[in-house]
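I have a structure here, written as structure tokens, and I will follow up with some questions on it.
Please treat every number below as a calculation from the coordinates, not as lab data. Bear in mind that the values here come from a model prediction, so they are computed numbers and not experimental data.
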């Protein structure tokens, strides 16, 4: 018992560190357009009892169905009228996502693989940057649920099939990038990676369709919720098939998810404003740049090499041969195949997408890349000396924690001294104010 507790202490310490960084990002968050849309729905539910069934507006293609999003954001704020109530739910869902990924890795039976996952997923600035009061914050938990259920579905299971299909269906009420998960599920089923229970999928489909009825009624009654795709000449299904850049950009994001070339708001937009306008700020900015950029280049090359090796191995195993039963693959092989099929589904969904890609559209891919990176990093435990590996582990912790802390102190979405509660109160007052005569 004592030995088990001792083994879990590092896990607990790193999880607490991640929660601390999450809290720092929460209390320094700035208000943005997505947050305003969510808070407005919460204020409406709090003041009038009206439950909004559409989600946030998406680029070019109108409003997302949003009953689920309103429930997990405005619902907690009925108990505690503060944006921190909704943010606490996001933190809890991300913690559950960590548990789901750790559960899948546990089957490997490899030493300390769960411990290696914690910094690579839980402390990773790619995940930390998503901790905002907006719809992409929920993509990582849905993606982790998808990975865990698909990995476990070696045999037909009503419960796992139900959970898997519910995850895809309710992700559709968060962000249109659910299409990557939906396409991935079809690919996994088509190429015999997972065994699907028809009854579980049917029940999940009925639940999801029933949850969409209020949105469809709201959509019918409110013309302003119309999908604007038909009105945009630059947006049409299959747009990215005609363009090279969106597909190349998506592929680059896949490689970046395994590196320290983090998204712009938590990389190039860290501003050191908390140091004032004197020389200290300029020196800190220069020191950050000369450290961050070379490190990003090195880790990009390492991530590219990892993907070529791991996914190239899957490609050599005939992943599109339907005569192969991939439910029989060993745990490491199943995880590598899942990542390969995720990459294929991502490229397919991006090709069909009517809009260009930004990093939060592809966050559903991050858990799969984090698992793939964890497998490679854990392999270093056997090839490096104990001291050398400990140095690599510590360096990774320092880099990830530094990025998270610096982003919380001052970046595009965060500022020291920001007061999200006061922001909510100000928004509440503005929405509650009567219209002026003549308007």
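Name the residue, out of 92, 406, 181, whose mean-square fluctuation peaks in a Gaussian network model built on the chain with Cα pairs under 10 Å.
92
Would you give the gap between the C-alpha center of region 158-181 and the C-alpha center of region 249-265, rounded to a whole Å?
Region 158-181 and region 249-265 have Cα centres separated by 24 Å.
So what is the 222 nm mean residue ellipticity for the chain from helices alone, if each DSSP H run of at least 4 adds -39500 (n - 2.57) and you divide by all residues, rounding to the nearest 500 deg cm²/dmol?
Result for the chain, helices only: -21500 deg cm²/dmol.
Tell me, rounded to the nearest percent, the portion of alpha carbon pairs in region 1-137 spaced more than 27 Å apart.
The share of Cα pairs beyond 27 Å in region 1-137 comes to 33 percent.
Could you work out the pair-distance distribution P(r) of region 9-58 from its alpha-carbon pairs, with 5 angstrom bin width and percents rounded to whole numbers?
Whole-percent P(r) values from 0 Å outward: 5, 17, 15, 14, 13, 13, 11, 8, 4, 0.
Would you look at the GNM of the chain, springs on alpha carbons closer than 10 Å, and say which of 283, 118, 324 moves the most?
Its mean-square fluctuation being the largest, the pick is 283.
I would also like to ask the following. Taking every alpha carbon pair in region 138-197, what does the distance histogram look like in 10 angstrom bins from 0, in percent?
25, 59, 16
Still on this structure, please answer the following. Cα extents of region 63-222 along the three principal axes, largest first, in whole Å?
Taking max minus min along each principal axis of the Cα atoms, region 63-222 gives 54, 37, 24 Å.
Give me D for region 253-353 in µm² s⁻¹, whole number, from Stokes-Einstein with Rh from the Kirkwood sum over alpha-carbon pairs, 20 °C and 1.002 mPa s.
129
Pick out which of 115, 384, 93 has the largest mean-square fluctuation in a Gaussian network model of the chain, springs linking Cα atoms closer than 10 Å.
So, out of 115, 384, 93, the one fluctuating most is 384.
Restricting the calculation to Cα positions, tell me the Rg (one decimal) and the Dmax (whole number) of the chain in Å.
Final numbers for Rg and Dmax: 22.3, 76 Å.
Distance between the C-alpha centers of region 112-156 and region 316-345? Whole Å please.
20
If you don't mind, another one. What whole-number distance in Å separates the alpha-carbon centres of region 194-221 and region 351-411?
34
So what's region 324-398 giving for Cα Rg divided by 2.2 N^0.38 Å, two decimals?
1.45
Given just the C-alpha atoms of region 290-439, how large is their convex hull per residue in cubic angstrom?
Considering the Cα atoms of region 290-439, their hull volume per residue is 238 Å³.
Rounded to whole Å and sorted largest first, list the principal axis extents of the Cα atoms in region 277-327.
Sorted largest first, the three principal extents are 67, 17, 12 Å.
In addition: Can you give me the pair-distance distribution of region 74-116, C-alpha pairs, 10 Å bins, whole percents?
The percentages, shortest bin first, are 27, 31, 21, 17, 4.
Please work out, to two decimal places, the log10 of the ratio I(q)/I(0) at q = 0.14, 0.19, 0.29, 0.31 Å⁻¹ from a Debye calculation in which every Cα of region 260-305 carries one identical scatterer.
For the requested q values the scattering log ratios are -0.39, -0.63, -1.02, -1.08.
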